[in-house]
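Report on the following structure.
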Amino acid sequence: MAQKHDVSIAKVGPLSNSDWCGVTEESLLEQLGNITRENKKAVDTKETRTVKNLFINETSVQYIFLTCELLKMPPDVKYHAVELFGQFMLKHVEELYQHVKVSEEGSDRKEEWQKIQSKLKKQVPLRALSCIQLASKVSSHYKILLLLTLLMLLLLVLLLLLILLLLILTPRMVRKLLLDAGYQYSLSGIVSSELRVLKTMNYHVYCNTAHIHIEILLHLIGSAITSLDLAMLYKVALKLLDVAYLKKAELYERLFFLTTNHTVQSRADCENLASVGRDLQLLAVGVTAAATYVTNNRQSDKITEQLEKLLRIRKEDITDMASTLITLISSRAA
């Protein structure tokens, strides 16, 4: 049985830079189960059912993506940073609002909230960079844990030093980026911002991301369908995932209309849209199916069936997300 797993995963060579390269099929399936449970918990949480995350918008996503590109961060960092930023800002704004609601009265409450809103707006670049800092640390830490199982101790020490130098965004680097953008912050202020994110998130800064789902799914699909060009499929999937984040509001409004035949109108509609928007696994399978259609549409149905089998997500739901994304991109290109 062990030999079967080794052979299967060895066929997924084109994704040699993936964190999951060399991991057995059994371990991949186990991890897929873990992140599936995390995803379901996030979708079913009362907070995410009723609140649409307005902080994951085109402006904030573009800022985080461009910053990560400038810093040559690996793909998982930028997606992690976006999710962390969205979750942090929701909690942070809610805490500030409750504070004003309890401590102020009447017209003073409105005036104080307006001051806080103005301050929040100015702090967005700093908060976004703090989230990139933390995401880079989580990413490097996770890679180190994986290396522990794959490399000899001597090589691990050397690679550990290299990863720490290349992947972690330091306070000095953040300060330089902010100065270049016209913002004046001290090193202590930057460290305080990072601590604020940590405390607000109760020190739980790991975020489930669509990128993790895509990587694991491609490894599993590649072991079952050996004729796929996984390197190309992964490259296209990342491009499509970027579009999905940048045009998130439009994507999910289109998806809602496709599945209901009407626009968002009632509170119940808003709750349903917010819940679907937090379903990162649905986004991942939609992106994967869309990437397959773009790179090798003859295999599209076969891969959609594999995705349905692996995750027990209805084929219709996968197709709806994939077709909505492709239609969105086509409309922009026209």
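Couple of notes before you dig in:
- Taking a ≥ b ≥ c as the square roots of the eigenvalues of the alpha-carbon gyration tensor, the range 259-334 is classed oblate because a/c is 1.5 or more while a/b is no larger than b/c.
- For the range 219-297: rounded, prolate or oblate by the Cα gyration tensor [a/c cutoff 1.5]: prolate
- Solvent-accessible area, 1.4 Å probe, carbon plus sulfur percent, for the range 65-112: 50
- Residue 105/residue 239 FRET efficiency (R0 56 Å; Cβ-Cβ; nearest 0.05): 0.60
- Lys, Arg +1 and Asp, Glu -1 on Cβ, resulting dipole of the range 185-334 about Cα centre, debye, nearest 20: 180
- Cα centroid separation, the range 171-205 to the range 289-320 (Å): 41
- Solvent-accessible area per residue, Å², over the range 213-334 with all protein chains present [probe radius 1.4 Å]: 47
- Too-long pairs where the Cα-Cα distance tops 20 Å, listed order kept, from 72/119; 137/235; 115/247; 40/315: 72/119; 137/235; 115/247
- The residues packed around residue 184, meaning those with a beta-carbon under 14 Å from its beta-carbon, carry a net charge of +2 if Lys and Arg are +1 and Asp and Glu are -1.
- Per-residue surface analysis assigns residue 170 an accessible area of about 50 Å², computed on protein heavy atoms at 1.4 Å probe radius.
- Pairwise label distance in nanometres, residue 24 with residue 116, each label 7 Å out on the Cα-Cβ vector: 5.2
- Label sites at residue 195 and residue 259, each approximated as a point 7 angstrom past Cα along Cα to Cβ, lie 4.3 nm apart.
- Whole-percent carbon and sulfur share, accessible surface of the range 183-334, 1.4 Å: 52
The values are calculated or read from the model by the stated rules, or taken from the named source; none is laboratory data. Note that the coordinates shown come from a computational prediction; the quantities given were computed from them, not determined experimentally. Using ideal geometry, Cβ is built from the backbone for each residue, glycine included, and neighbour counts are taken over all protein chains shown. Surface areas here come from the heavy atoms of the whole protein model, side chains and all, with no ligands, DNA or RNA. Shrake-Rupley method; radii C 1.70, N 1.55, O 1.52, S 1.80 Å.
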